[in-house]
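To start, the structure under review is shown below, and the notes come after it.
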Amino acid sequence: MSHESVPGEQPTPSDTAEVAPATAEVAPPTAEVSLASAEPPAAASADDLLAAPASAGADATGGAAVVAAPPPAPPLRHRASGRPVGKVRSPVGCWLLAIITFGIYGLVWYHHTNKELKRFDPTIEVSPGIAVIALLVPVVNWFSVFNTGKRIKQAQLAAGIPGAVSPGLGVVLTFVFALWLPYYVSQANAVWESAAA
């Protein structure tokens, strides 16, 4: 039953009851509109992501924590430039092997070391096979030992270390129980250890 209101007339309780449900029905669409009009959260920018570790690491006093960068890697020497590094050997072990094998191991070491020196520094001119043959010839072997000492010294300088080897001392040590061999082994080891550092 509809009841028309007359101007100046107070509404009856029945009119208020009819209006209230209509107001209640309007409220939910309003809520839906507000949800639909809400903007989605903005995606984090690259600056926000970079700043996140620093803000996450803030201390309890409110000061910003400093994020330390990792220390730089030590520079690679010679291996990065393509220089092959020779084998580090025991000076005393090589000397004892040369004695036990009656000099055969000494010839093998001589060949390998001259070959490694040439590969390490291409400016070193040597034929490992001829160097071994020269080591077997009397008097000529002194010149061969001297020249090998010069090659080790050149390799030391190429590795960035002082040329500490003395080719003359190497020749003198050929007369003292073949001590030139452990002397040269230790000097060549200095090259390989420095280049591999």
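Give me D for region 91-196 in µm² s⁻¹, whole number, from Stokes-Einstein with Rh from the Kirkwood sum over alpha-carbon pairs, 10 °C and 1.306 mPa s. Display every interim value, and only then the final one.
Numbers: Rh = 13.6 Å.
Using the Kirkwood radius from Cα pairs, D works out to 117 µm²/s.
Just to verify a number: FRET efficiency for Phe175 and Ala197, C-beta to C-beta distance, R0 = 45 Å, to 0.05? So, using R0 = 45 Å, E works out to roughly 0.85. Calculate the FRET efficiency for Val140 and Ile99 from the Cβ-Cβ distance with a Förster distance of 25 Å, rounded to the nearest 0.05. Computed FRET efficiency for Val140 and Ile99: 0.65.
Coordinate-derived values only; no laboratory data. The structure displayed is predicted, hence computed values, not measured ones. Positions of Cβ are backbone-derived with ideal geometry, glycine not excepted, and every protein chain shown enters the neighbour counts.
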